[in-house]
1. So which residues in segment 201-218 are in a loop (DSSP other than H, G, I, E, B) and either modelled with pLDDT under 95 or surrounded by fewer than 18 Cβ atoms within 10 Å (Cβ to Cβ) (or both)?
2. When you scan segment 187-200, how many residues do you find that are in contact (Cβ under 8 Å) with a residue 60 or more places away in the chain and in a loop (DSSP other than H, G, I, E, B)?
3. Which of the residues belonging to segment 25-55 are within 21 Å of residue 125 (Cβ to Cβ) and not in a loop (DSSP other than H, G, I, E, B)?
4. Residue check: is residue 315 surrounded by fewer than 16 Cβ atoms within 10 Å (Cβ to Cβ), part of a strand (DSSP E or B) and either out of contact with any helix residue (DSSP H, G or I) (no Cβ under 7 Å at 6 or more places or on another chain) or at positive phi (or both)?
5. Read through the list (1) over 30 Å from residue 24 (Cβ atoms); (2) assigned to a strand (DSSP E or B); (3) assigned by TED's automatic domain parsing to the domain that holds residue 404, then give the number of the only condition that residue 221 fails.
6. From the list 69, 97, 115, exactly one residue is surrounded by fewer than 24 Cβ atoms within 10 Å (Cβ to Cβ) and outside any strand (DSSP E or B). Which is it?
7. Among the residues of segment 288-303, is there at least one that is touching a strand residue (DSSP E or B) at 6+ places or on another chain (Cβ under 9 Å), assigned to a strand (DSSP E or B) and surrounded by 18 or more Cβ atoms within 10 Å (Cβ to Cβ)?
């Protein structure tokens, strides 16, 4: 009798293992704002006057039979933690999916509706609530679309579309910062063919990493890519656009011969100091959206070719690890705030600031009300042998390259799960430059990147 029970138990265990097949599902949610909405990404606020292409939250759900993971990449410049947390809460309450099993990020397109106060742009609370609901609905739809699938990962290289935007300059060619600092050793976006150019202050990462998901019949379901390119730009005035992130999503589906249900996704890698401008003057001038299409086509073609070489597995284990770390902020002194208020009062268009000095004075005043420390979420999702890290900042490329060196295969999603501004290394803080100038978009302590990498290393060890 005991032997019979044992045989039945073995049979049931075998059946349950067989039933735990790998599944995947994908969906999109439209998050296009209304005309007249704020557009952030610049020192002056923009207003939406024309919708060039719709904005989306692109969602991918994976299920190995025991663990479900979800990726969301939303067309937005930056998204604060409150929006992501609220969307995760909605999904958790509706489906039971743990909040730590969701990785949500912004693309960093500079031609999207404002969701986070930055520069002189302020979000509309109604648009924020709309996007929260649309993200949550997109995740739930992706979960509802879960079906038997195969998955693989790989990479391609596209070196000619990424350039380090921080440059070492000839002596005497770097002006004082808007905060009056005269010790900067690098200049960000120095201008094409600037006679003061010496050399880039850092490297680039030419790798395009990707996760490819297919149905059991080989039909493409979704592809999630990651490229360390800030954004491209070159859109029309007042235009809403998903930039090259959206153009890639369309193009990769076409190249893979996918159907209308396919979801292409491009996430932002470690691009805090990387853009698409060849400051040596090697690029032809393009009409609006021309360069966006060039970059999207080049990257999509490289990825589509690489997908053909990827072996897709019908079973891979999924795991996730997450932790919070505490980071200090660079808060201005009372004396600095008083001087900043005097500068602000010089604006003839008050409360709108006109000059860069006034803009940064306003940032100083606003930062005075920030807490001394913030909690930052760190996360790693493991898909087979691939690790995908999430950092809530505009991460410098050196950090992503170091993580790839230590933990290949891996890639990092920036602007994920929260937003805490730029993340330069301590070495780049010493060099100065725009990304280090104290503002709400750059206020983390100098050693923040060191602490973040140490926290991620704990998560990598946990997932071994």
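The values are calculated or read from the model by the stated rules, or taken from the named source; none is laboratory data. Computed from a predicted model, the values in this text were never measured in an experiment. Cβ: placed from backbone, ideal geometry, glycine included. Neighbour counts: every protein chain shown.
1. So the first thing to find is which residues in segment 201-218 are in a loop (DSSP other than H, G, I, E, B), and the list is 201-206, 216-218.
Matches in segment 201-218: 203, 206, 216, 217, 218.
2. Residues meeting the conditions: 6.
3. To start, the set of residues in segment 25-55 that are within 21 Å of residue 125 (Cβ to Cβ) comprises 29-41, 45-48, 55.
Within segment 25-55, 29, 30, 38, 39, 46, 47 qualify.
4. Details: surrounded by fewer than 16 Cβ atoms within 10 Å (Cβ to Cβ): yes; part of a strand (DSSP E or B): no; either out of contact with any helix residue (DSSP H, G or I) (no Cβ under 7 Å at 6 or more places or on another chain) or at positive phi (or both): yes.
For residue 315, the condition - surrounded by fewer than 16 Cβ atoms within 10 Å (Cβ to Cβ), part of a strand (DSSP E or B) and either out of contact with any helix residue (DSSP H, G or I) (no Cβ under 7 Å at 6 or more places or on another chain) or at positive phi (or both) - is not met.
5. (1)
6. Numbers: 69 fails: outside any strand (DSSP E or B); 115 fails: surrounded by fewer than 24 Cβ atoms within 10 Å (Cβ to Cβ).
Only one candidate qualifies: 97.
7. No: segment 288-303 contains no residue that is touching a strand residue (DSSP E or B) at 6+ places or on another chain (Cβ under 9 Å), assigned to a strand (DSSP E or B) and surrounded by 18 or more Cβ atoms within 10 Å (Cβ to Cβ).
Yes or no, residue by residue, for (1) closer than 20 Å to residue 67 by Cβ; (2) surrounded by fewer than 24 Cβ atoms within 10 Å (Cβ to Cβ):
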position	(1), (2)
392	no, no
401	no, yes
404	no, yes
410	yes, yes
420	no, no
430	no, yes
436	no, yes
455	no, yes
